[in-house]
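The values are calculated or read from the model by the stated rules, or taken from the named source; none is laboratory data. Since the structure is predicted, the reported quantities are computational estimates derived from the model, not experimental observations. Neighbour counts are summed over all protein chains in view; Cβ atoms, including those assigned to glycine, are modelled from backbone coordinates with ideal geometry. Note: accessible area is taken over every heavy atom of the protein model, side chains too, but ligands, DNA and RNA are not part of it. Shrake-Rupley method; radii C 1.70, N 1.55, O 1.52, S 1.80 Å.
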Amino acid sequence: MGLVKKKAGATPSGPAAPDAQVDRMADPLAALEDADASVRRDAAHGLGHAAPPGAVAALARRLETEGDAGVREAILTALARIATGEAAAALLPFLDREDAALRNGVLESLQQMPAEVAAPALLPLLGHADPDLRIFAVQGLGGLAHPGRADWLAAVMERDADVNVGLAAVEALAEAGSPEALSSLETLARRFPDDPFVAFAVDAARSSFRGG
């Protein structure tokens, strides 16, 4: 059987042709809203490497409704890579969501940013009325390699009225390996003398700093 020449204008069957994929990616901001999750994911990756004006707002807007885990991860990675004050601020509202996986992803993205970018976004949350948000701020700040980290955690242990926020600071302090705030552990223990969780956490942190 001889070869049959394709008719002019015929299009290949099956997956979208490469030219169609290129057309959809010509505008990565528009591609963020594409019905195809792989196109949205590729758009987010591209925006993380070359962010035009409006990229941060578009990524945050897509994150609001995105249900695909891979696309969400790509968006969080893109915002961490953009690493501006605007990108850090765009992530903060997601710390107030019920979705624990999203909250954890947001914290990781903030911690991947330079400390001088992420810290100014997180620090105001230490004064928030919601103790859960204060805890998330403590966790985020504890993961930053910033010279002010120990002082921030110490201030939480010395002043925050919620015991759970204080316990989060103890955990962050121990994970960060900041023995310079050791005296603040003692302050927390004195502030909540009848709480067995505080006594246990303070003792464990104290032992870790003193080598057991």
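Condition first: of a type in the set (Ser, Thr, Tyr) and part of a loop (DSSP other than H, G, I, E, B). Can you find one or more residues in segment 74-86 that meet it? Taking every residue of segment 74-86 in turn, at least one turns out to be of a type in the set (Ser, Thr, Tyr) and part of a loop (DSSP other than H, G, I, E, B).
Of all residues in segment 195-212, those being at pLDDT 90 or above and in a loop (DSSP other than H, G, I, E, B) number 1.
What about VAL138, is it closer than 19 Å to PRO93 by Cα, among the β-branched types (Val, Ile, Thr) and touching a residue at least 24 places away in the same chain (Cβ under 8 Å)? When the stated conditions are applied, VAL138 passes them.
So is ARG149 more than 23 Å from the chain's Cα centre (by Cα), among the basic types (Lys, Arg) and at pLDDT below 95 or not? No: the conditions fail for ARG149. Look at (1) open to solvent by less than 70 Å² (accessible area, probe 1.4 Å); (2) out of contact with any helix residue (DSSP H, G or I) (no Cβ under 8 Å at 6 or more places or on another chain); (3) at pLDDT below 95 and you find that MET25 fails only one, number (2). Each residue in segment 29-66 was checked for being open to solvent by 50 Å² or more (accessible area, probe 1.4 Å) and of a type in the set (S, T, N, Q), and 1 of them qualify. Within segment 158-170, residues that are under 10 Å from ILE135 (Cα atoms) have Cβ atoms under 6 Å from residues that are assigned to a helix (DSSP H, G or I) and of a type in the set (D, E, K, R) in these pairs: VAL165/ARG134, counting only partners at least 6 apart in sequence or on another chain.
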